[in-house]
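Contents: one structure, followed by commentary.
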Amino acid sequence: MDRSERVARYQQQSPIADDMAERGNKDEALRLLESLRDEAAAAGDKDYEAFFDAEWINYSTDDHARAAQRLADKIGDAAQSGGVDSFLLCSLGLYHSQQGDEDAAIAWFDKALEENPKDWKAMRQRGVSLSEKGDEDAAIEWYDKALEENPKDWRAMNHRGASLATKGDQDAAIEWYDKALAENPKDWDAMRSRGVALSNKGDEDAAIVWFDKALEENPEDWDAMWNMGVSLFNGGEKDAAIEWLGKAARQDPSRWEQDFIAACKLAGKDVSEERRKWVSDAPALPPKDPFGELRLMINLIRTRLKEQAARYLDIKKEAEGQLTEFLKPESRLPEDRSLLMVLRKWNSYTPALPASAEDERSRGGGYFIWHQGHGTVIDPGFNFVENFHQAGGRIHDIHNIILTHAHPDHTAEFETLRTLLFEYNDNLRELNKTREAKKLPPLTPKRVRFFLNNGAFRKFAGMLSLREHEFTDRVATLNSGSEFDLLGGGRLRVLPAYHDELLSCDQSVGVLLTLGTADEPRRILLTSDTGLFPLNPESKKPTADASKPELEIGKRYLESVQPGDVDVMLVHIGSIKPDEFDMQKEKIVEACYPNHLGIIGTARVIAMCRPKLAVVSEFGEEMRDFRFDLIKDLSDTVLRLYFQDKGGQSPQVVPGDLAFVYSITDRTVLDCATRDWSPAEKIDFWEHRSKTDEPSIYYAETVPLTDEKKLDNVNLFCSHRKAHDGLYFAAD
């Protein structure tokens, strides 16, 4: 047998050993590898002797780095100058991919393709590495290249289906899994993946059928066992689910035991007893997973909201498409014209007092707190002054201004407010001349305390230091852990936040306001914009760093408050992203939004802090058409089930909007139906769309039953508000 015939035999036998190992027959695979290694050594094929030795290391020790080094030591020099067959180069790429170094893997696959441009296995594996890097479109291109070269490559078909599933197209994924099974009816990986796709579509019964098929073909498919357990649990068969999850956890506790424990808790089972029953050689519970409760929250969101997720994400994608159109690098204006566009009505500061508007389209804003005759503005973003004026506020009512970070949607009207404060005092001077003539005491000029995080201070430093305005009582910079007295009473404690504000990535803050008396304090916690974990300072784009679980933002809040002590928690959701619903994203950092809380972070901080009332705010405008449904689902499904397991009462959760007014002292909310006050723990909400099709949220203890009644209440509430009549306004 000549060299080419021996190499063909080696390459034909190698995947047989792979299949043995994947089916759990590792000893049999190692025996085959040993015989092939001896055969290559006897024939003088030193490169393949090294390859089979590397394979033996790989399967016997899982030491992928050592396996790569063994093969590279033999063929590395030759690989740099050519002369190594592509099969061995591709194998080196696989070892690097198994280590998670996809860039190095791709470099070796490229070397294999230089040696053999028709190497469809290298093409396929290059696609797999691109998929691991998150570039599914590029991965699909390489799977197509592999299939063009070898139309029967069922593994490429399977991987192509997986990429389509990751992109959210479960139906197309199933078509490719079927193609793979047509080529290889024993492809248990495609069977299991087909089941996962069906589960993602909500068809748990059909999914279970395919998990059964995968396990019939390969009883050692632990992923199929775990997915079987999840589908059974979602279908309500909790006892059977725990059995399958237990089998998976017995095989790989580090990967699945926490999920098994969470399922036992949700099913009301005794965790220790179930572990003894299903997880062998585990007399004691493993070290507590610092992310255990968070994993439970993620699993609840993914399993309970997966049917709604596709609709939420589709709506979000459509809304983001409008932004893409707006950002196109081309002008709609002809080059041969010169234009002046007047986009304001009045000069000077008067645009800050706009006429009333009937709809609330595309408004930003901030927050305002009125306490003991003094008012506090927090994060005056776009349209804040307009919203403040329509709510009946005046510049006279402002005594403190807080900026949590430097982004324009939190600071856009800070300069406007300072201009208005200057004009307020300037007007006061003229009034005092008249009062002096009438021998009346002068009115006191307004003085305001400004509290800015370091990023906002840097942004507005020139304005603040230009001169000492008479309306400035003091300027303070906010650092996590520091505390300040508010003008007029109340205490401000600075909380951490994990948010990239361009000027800095570690200076954003949240705030805890304590009002009232020592005997009856009232606490308001604003998360502001934050992720669940700190940002990685080495990353070029916002990336979460969960390497220190103790720094999770909710745990940082609990350094300042006890669970249940917060009266109102203003939670900034930011937006949602597909990874939060993707069952394949097993790492915490892959699931969580890095720069905002998203739905997982929102649910998590509410669950940890257990406020009496949670107000979810700061929705991305792409969430315009599903924020009502999202908060209903989060409150009525995820958090209700979570707190049922904990044996406690789920906090009341509502979305924040312009009609929301909360009475701090007696913990009530302005009822838009009765125009009176209702207990915060009983408040509900409904959505009303104006003639412009713009959604708005209104609040009531008893939501009107018909659209006609809802409209009547909205019109009556808005008319009272516009006229500053009743509600929370002082009598004329």
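A quick yes/no check of all residues on (1) under 22 Å from residue 208 (Cβ atoms); (2) touching a strand residue (DSSP E or B) at 6+ places or on another chain (Cβ under 9 Å); (3) among the charged types (D, E, K, R); (4) at pLDDT 95 or above:
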position: 139; (1), (2), (3), (4): no, no, no, no
position: 153; (1), (2), (3), (4): no, no, yes, no
position: 156; (1), (2), (3), (4): no, no, no, no
position: 159; (1), (2), (3), (4): no, no, no, no
position: 171; (1), (2), (3), (4): yes, no, yes, no
position: 180; (1), (2), (3), (4): yes, no, no, no
position: 190; (1), (2), (3), (4): yes, no, no, no
- Item | Test: residue 622 is in contact (Cβ under 8 Å) with a residue 24 or more places away in the chain, surrounded by fewer than 22 Cβ atoms within 10 Å (Cβ to Cβ) and acidic (Asp, Glu) | yes
- Residue selected from the range 376-399 under the condition closer than 11 Å to residue 417 by Cβ and among the aromatic types (Phe, Trp, Tyr), by the criterion surrounded by the fewest Cβ atoms within 10 Å (Cβ to Cβ): 388
- Query: touching a residue at least 60 places away in the same chain (Cβ under 8 Å) and either crowded, with 19+ Cβ neighbours inside 10 Å or assigned by TED's automatic domain parsing to the domain that holds residue 573 (or both) - does that describe any residue in the range 674-688?
  - Reply: yes
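Each row is one residue, and each column tells you yes or no for (1) surrounded by fewer than 15 Cβ atoms within 10 Å (Cβ to Cβ); (2) outside the structural domain of residue 371 (by TED's automatic domain parsing); (3) more than 12 Å from residue 568 (Cα to Cα); (4) out of contact with any Ser or Thr (no Cβ under 9 Å at 6 or more places or on another chain).
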position	(1), (2), (3), (4)
630	no, no, yes, yes
633	no, no, yes, yes
639	no, no, yes, no
644	yes, no, yes, no
648	yes, no, yes, yes
652	no, no, no, no
661	no, yes, no, yes
671	no, yes, yes, no
- What number goes with the only condition from (1) closer than 27 Å to residue 543 by Cα; (2) buried (at least 20 other Cβ atoms within 10 Å of the Cβ) that residue 608 does not pass? (2)
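Looking at the range 540-578, which of the residues that are of a type outside the set (A, V, I, L, M) and touching an Asp or Glu at 6+ places or on another chain (Cβ under 8 Å) is farthest from residue 405 (Cα to Cα)? Lay out the reasoning, then the answer.
Just the residues of the range 540-578 that are of a type outside the set (A, V, I, L, M), to begin with: 540-543, 545, 547-550, 552, 554-557, 559-560, 562-565, 567, 572, 574-575, 577-578.
Now narrow it down to the ones that are touching an Asp or Glu at 6+ places or on another chain (Cβ under 8 Å): 542, 572, 574-575.
On the way: 542: 16, 572: 13, 574: 14, 575: 18 Å.
Within the range 540-578, the match that is farthest from residue 405 (Cα to Cα) is 575.
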- Message: For the range 555-571, which positions are free of Cβ contacts under 8 Å to residues at least 60 places away in the same chain and over 20 Å from residue 650 (Cβ atoms)?
- Response: 555, 559
- Can you work out which of the residues in the range 166-198 that are within 18 Å of residue 129 (Cβ to Cβ) and of a type outside the set (Lys, Arg) is surrounded by the fewest Cβ atoms within 10 Å (Cβ to Cβ)? 166
- Message: Among the numbered criteria (1) under 38 Å from the mean Cα position of the chain (by Cα); (2) closer than 21 Å to residue 151 by Cα; (3) modelled with pLDDT of 85 or more, which one does residue 116 miss?
- Response: (1)
- Of (1) within 24 Å of residue 378 (Cα to Cα); (2) in contact (Cβ under 8 Å) with a residue 40 or more places away in the chain, residue 545 fails just (1)
- Answer yes if at least one residue in the range 495-515 is under 24 Å from residue 606 (Cβ atoms), among the polar types (S, T, N, Q) and in contact with a Leu (Cβ under 9 Å, 6 or more places away or on another chain), and no otherwise. yes
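Of all helices (runs of 4 or more DSSP H) completely enclosed by the range 1-103, which ones contain at least 3 residues that are touching a residue at least 40 places away in the same chain (Cβ under 8 Å)? Spell out how you get there, then give the answer.
Working: elements: 3-22, 26-43, 46-61, 64-81, 86-98.
Ranges flagged: 3-22, 46-61, 86-98.
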- Task: Search the range 679-721 for residues being modelled with pLDDT under 95 and small (Gly, Ala, Ser), and hand back the single one that is nearest to residue 391 (Cα to Cα).
- Result: 719
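What number of residues within the range 253-281 satisfy the criterion of being among the acidic types (Asp, Glu) and either outside any helix (DSSP H, G or I) or within 32 Å of the chain's Cα centre (by Cα) (or both)?
The qualifying residues number 4.
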- Message: Quick test of your reading of the structure: residue 185 fulfils all but one of (1) free of Cβ contacts under 8 Å to residues at least 12 places away in the same chain; (2) part of a helix (DSSP H, G or I). Name the failing condition by number.
- Response: (2)
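Could you name every one of the strands (runs of 3 or more DSSP E) located completely within the range 655-732 that has at least 1 residues being farther than 24 Å from residue 633 by Cβ, hydroxyl-bearing (Ser, Thr, Tyr) and under 35 Å from the mean Cα position of the chain (by Cα)?
Counting at least 1 such residues, we get 668-670.
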- Residue by residue through the range 193-214, note down the ones that are more than 27 Å from the chain's Cα centre (by Cα) and either under 21 Å from residue 140 (Cα atoms) or part of a loop (DSSP other than H, G, I, E, B) (or both). none
- Task: Residues being assigned to a loop (DSSP other than H, G, I, E, B) and over 25 Å from residue 657 (Cα atoms): count how many of those fall in the range 564-591.
- Result: 6
- Query: Looking at (1) at pLDDT 80 or above; (2) within 19 Å of residue 224 (Cβ to Cβ), can you tell me which one residue 269 breaks?
  - Reply: (2)
- Does the range 350-363 include one or more residues that are crowded, with 20+ Cβ neighbours inside 10 Å and modelled with pLDDT of 70 or more? no
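Please specify each residue of the range 610-630 satisfying the condition of being farther than 18 Å from residue 566 by Cβ, touching a helix residue (DSSP H, G or I) at 6+ places or on another chain (Cβ under 9 Å) and outside any strand (DSSP E or B). Spell out the reasoning first.
Within the range 610-630, the subset farther than 18 Å from residue 566 by Cβ is 619-630.
Add one more test, that the residue is touching a helix residue (DSSP H, G or I) at 6+ places or on another chain (Cβ under 9 Å), and what stays is 619-626, 629-630.
Answer for the range 610-630, where residues must be farther than 18 Å from residue 566 by Cβ, touching a helix residue (DSSP H, G or I) at 6+ places or on another chain (Cβ under 9 Å) and outside any strand (DSSP E or B): 620, 621, 622, 623, 624, 625, 626, 629, 630.
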- Message: Please count how many residues of the range 504-520 are out of contact with any Pro (no Cβ under 9 Å at 6 or more places or on another chain) and either buried (at least 20 other Cβ atoms within 10 Å of the Cβ) or at pLDDT 95 or above (or both).
- Response: 4
- Query: Can you name the condition, by its number, that residue 395 falls short on among (1) touching a Lys or Arg at 6+ places or on another chain (Cβ under 9 Å); (2) more than 19 Å from residue 369 (Cβ to Cβ); (3) of a type in the set (Val, Ile, Thr)?
  - Reply: (2)
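The values are calculated or read from the model by the stated rules, or taken from the named source; none is laboratory data. Quick caveat, the model's predicted, so the values are computed rather than measured. Every residue, glycine among them, receives a Cβ derived from its backbone with ideal geometry; neighbour counts consider all protein chains shown.
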